[in-house]
Each structure stands twice: as structure tokens, then as C-alpha cells.
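Asks: Supplied in C-alpha cells, the structure appears directly below.
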Amino acid sequence: MNDIHKHDVPRWLRVVLRCDRAGSSWYIGTGFFFAPVLAVLSPWPTLTTALWVAIALAGLWLGLLGIAMATGLAIVLRRNGELDEDYWRSILDYPDVSGGTARQAISTNRHSRPANV
């Protein structure tokens, strides 16, 4: 975080953002599993109800994470803060680009041309 102060961003926001990201991917991924399982378990209403309750609780948890995420981001905006690219990259597990110099590979072959020529 280059130009934002550490106190502008709540400490819990990073955890909420990471949990929301991981929970959403699991929720979508397990949806492909739950669809055929619900079809197989449809003759047993008790098991079908239990599965729907588990799906609903996971959805409720993601909804609460969404509310917490919106609250944290609103706190940052209210303090006139800004989340720079390095902060978002740390949430998404991308490497830090501010410190390093990324060099492109340059071809030394004299017969090579750019693709758009």
C-alpha cells in the first residue's frame, strides 16, 4: 500500500475478501455436484430437505460475507482511502509488480517481425 495509510483499511477486510473469494468458488463448484445428487435423492424427502438446508446455509454465509465486504469497502471510501493494485493483487495471490521490473523478451532474430505487420 503505497499512498494509503494502514489505518484507512480495516484489518478484517482482507480476511473477508479472501473468504468470500474462496467461498464463492466452492459454492459454484459444488453446485455441479449437488445437482445430480439432488436428482438421485429426490425419492427421499428428508435427505433432499437436508441437502437444501445445507445449500441455503452456505448461501446465507456468502450473503453475510458480501454484507461485511460492502461495509469494509464503504469504511475505506468514507475515510477517503483507496485500495491500490497491490492490495487487490495480494487478495488474488498475484505477485507484487510495484517493486520488480518486468522485462519483455526481445527477439534477436533479424527476420522476426511483429505480428501486426
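Asks: Applying 1/(1 + (r/R0)^6) with R0 = 41 Å to the Cβ-Cβ distance of ALA39 and LEU92, what FRET efficiency is obtained, to the nearest 0.05?
Replies: So, using R0 = 41 Å, E works out to roughly 0.75.
Asks: Another one. Calculate one ³J(HN,Hα) per residue across region 8-19 by plugging θ = phi - 60° into the Karplus curve 6.51 cos²θ - 1.76 cosθ + 1.60, and present them in order as whole Hz with x for glycine and proline.
Replies: Per residue, the Karplus-derived 3J(HN,Hα) values read 6, 10, x, 5, 6, 5, 4, 5, 5, 5, 5, 5 Hz.
Asks: Residue by residue, what Karplus-based ³J(HN,Hα) values in Hz, rounded to whole numbers, does region 70-77 have, using 6.51, -1.76 and 1.60 with θ = phi - 60° and x for Gly and Pro?
Replies: Karplus-based 3J(HN,Hα) across region 70-77 equals 4, 5, x, 5, 5, 4, 4, 5 Hz.
Asks: Would you please classify the overall shape of region 6-91 from the alpha carbon gyration tensor, given that a ≥ b ≥ c denote the square roots of the eigenvalues, rounded means a/c under 1.5, and beyond that prolate means a/b larger than b/c while oblate covers the rest?
Replies: prolate
Asks: Return the distance in nm (one decimal) between the two label points of a simple spin-label model at THR30 and LEU77, each offset 7 Å from Cα along Cα→Cβ.
Replies: Spacing of the two 7 Å Cα→Cβ label points: 3.1 nm.
Bear in mind these aren't lab numbers, they're just calculated from the coordinates by the rules spelled out. Keep in mind it's a predicted model, so treat the numbers as computed, not measured. Positions of Cβ are generated from backbone atoms using ideal geometry, with glycine treated the same way; all protein chains shown enter the neighbour counts.
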